Amino acid sequence: MVDTVCRRGKADDTIGEPGRRRRAGAVTYTFNFRDVFAAWEFLADGLALTLLLSGVTIVAGFVIGTLCAAGRVHGPPWLRLAIATYVEAIRNTPLIVQLFLVFFGLPSAGIKFDAVTASLIALTINLGAYTSEIVRAGIEAIPRSQIEAGAAMGLSGVQIFRYIVLFPALKIIYPALASQFVLLMLATSIVSQISAPDLFHAASIVQSRTFRDFEIYAVVAGAYLALALIFRLILAAIYQLVFVRR
């Protein structure tokens, strides 16, 4: 009898005004982007660093990757082995491990960098390895007969590589290269793990202050999506300017 009354009492708790308030409170959430947008200057500073990291890394990584690709295709055996070791070591280890090795590991050997410099080094080394393989594939796609024709015309080795090998190779692999650059821009968010004040790190600080998890990360996701689209448009314009209209 007592159990029946208790069960009935518990059941009654789910009906009436108390029950309605309890059920309403369980599912009610008010979206509020005001606190997020109030921190736009702080987020803009983080965005500026994200763009800086992306721009510097893309230029430096492309140069390193191109030199490594040329060395791996046309260099002496010892250079090919050294470049192959570098490329495979980077491509087969996580980027975050490489970042931690530069920022936390090198100080043990007396080499210390601030968070931004360590981020630039790790991202550049990583992109250089991936770019090297992409460019190498393009170089190896150039027919040998074109190189021989350039030599027969009296062109120097540098001229042959620049005009007959590298330029056509870049046109072939440009879509893959552009995608790699966009992926690099998105990967810059990982530098927040060493407190580099990029966009994602700024967003995490705003979230910890406002507790607006959904709002801040939705805004940041939209920002990265917009950046990716803008990067693709810029890279497409560069392709038209350099390879199509030239």
Query - Residue with peak Gaussian network fluctuation, the chain [Cα springs, cutoff 10 Å], from V36, V158, V87 - result: V158
Report summary line: Computed from the beta carbon distance with a Förster radius of 45 Å, FRET efficiency for A151 and D114 to the nearest 0.05 stands at 0.40
Query - Residues H74, H201 arranged by fewest to most Cβ contacts within 10 Å - result: H74, H201
Query raised in the report: Considering only I58, A38, A149, whose Cα is most displaced toward the positive end of the charge dipole of the chain, charges sitting on Cβ of Lys, Arg (+1) and Asp, Glu (-1)?
Result: A149
Query raised in the report: So how strong a dipole does the chain carry about its Cα centre when Lys and Arg Cβ are +1 and Asp and Glu Cβ are -1, to the nearest 20 debye?
Result: 420
Requested in this report: Subtract the Cα-Cα distance of R34 and L241 from 0.36 nm times their separation in residues, and report this length gain in nm to one decimal.
Outcome: 70.3 nm
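If the chain between A48 and A226 were fully stretched, how many nm would it gain, using 0.36 nm times the residue separation less the Cα-Cα distance? Each step should come with its number before you reach the end.
Working: separation 178, 0.36 × 178 = 64.08 nm, distance 1.42 nm.
Answer, rounded to one decimal: 62.7 nm.
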Query raised in the report: Against the longest principal axis of the chain, how steep is helix 16-27, in degrees 0 to 90 to the nearest 10, with axes from Cα atoms?
Result: 10
**Report entry** 5 Å-binned pair-distance histogram of the chain (Cα, whole percent)
**Finding:** 1, 6, 10, 12, 13, 11, 10, 8, 6, 5, 4, 3, 3, 2, 2, 1, 1, 1, 0, 0, 0, 0
Report summary line: Residues K112, K171 in order from fewest to most other beta-carbon atoms within 10 Å are K112, K171
**Report entry** Neighbour-count order for D198, D35, D213, fewest beta carbons within 10 angstrom listed first
**Finding:** D213, D35, D198
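A short reminder: the numbers here are calculations on the coordinates, not readings from a lab. Values in this document were obtained by computation on a predicted structure and should not be read as measured data. Every residue, glycine as well, gets a Cβ built from its backbone with ideal geometry; the counts of neighbours run over all protein chains shown.
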